[in-house]
Amino acid sequence: MENNCPCGSNLTFEECCNPIIEGTKQAETAQSLMRSRYSAYEVMDAQYLIDSTHFSTKSNFSKADIETWAKESSWQKLEIISTQNGLRDDDIGKVEFKAYYKDSKGIAHIHHEKSSFKKEEGRWFFVDGNVITPPKITIDRNTLCVCGSGKKFKKCCGG
């Protein structure tokens, strides 16, 4: 992968998330682990997603389900909303994010979540996430598209 990292860092994948996914570098912060996990969905590395999940909640996740969601989704972009703690010297952290994707039918979605992370023995792990359900909205043809393209819905995902 020669282009920018899927996580939106403006670095190449090889400079950014790939070393973390491959295990040659540790995520230094909860946010860098979050970014690498988003990139793992993009490159369909379900094993990394399982391996980077804390042992206390790992049984709640199925590798097969992760693989299915990754394969059936076209990941568009990651938007970090906020972080709480989760820095190099912290042991816990939270990252609120929105992951934009299209499903296998081409329908645009936003996965909005506030994830919890824990660092043990110098390594960050995803613990769990609370999905934030958006309020019901009506999108007409002239509304800006939810994928963030800047185009009207009718000329983008609604076309």
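Observations, loosely collected:
- Note on the stretch 1-41: the alpha carbon radius of gyration divided by the globular reference 2.2 N^0.38 Å gives 0.98.
- Label-point separation in nm, ASP128 to THR68, each point 7 Å along Cα→Cβ: 2.2
- Prolate/oblate/rounded label for the chain (Cα gyration tensor, a/c 1.5): prolate
- Eigenvalues of the alpha-carbon gyration tensor of the stretch 1-80, scaled by 5 and square-rooted, set the equivalent ellipsoid semi-axes at 20, 15, 11 angstrom, largest first.
- Accessible area of CYS156 in the full protein assembly, 1.4 Å probe (Å², nearest 10): 40
- Cα→Cβ-extended label distance, 7 Å offset, between SER56 and LYS155, nm: 5.0
- Helix 30-42 and the long axis of the chain differ in direction by around 60°, with both axes built from C-alpha atoms.
- Cross-link pairs exceeding 24 Å in C-alpha to C-alpha distance, out of LYS58/LYS136; LYS71/LYS136; LYS94/LYS152; LYS102/LYS155; LYS98/LYS155, comprise LYS58/LYS136; LYS71/LYS136; LYS94/LYS152.
- For SER9, net neighbour charge (Lys/Arg +1, Asp/Glu -1) across residues whose Cβ lies under 14 Å away: -1
The values are calculated or read from the model by the stated rules, or taken from the named source; none is laboratory data. Only a predicted model underlies this, so the values are computations on that prediction, with no experimental measurement involved. All Cβ positions, even for glycine, are placed from backbone atoms using ideal geometry, and neighbour counts span all protein chains on display. Please note that ligands, DNA and RNA were not included when accessible areas were found on the heavy atoms of the full protein model with its side chains. Shrake-Rupley method; radii C 1.70, N 1.55, O 1.52, S 1.80 Å.
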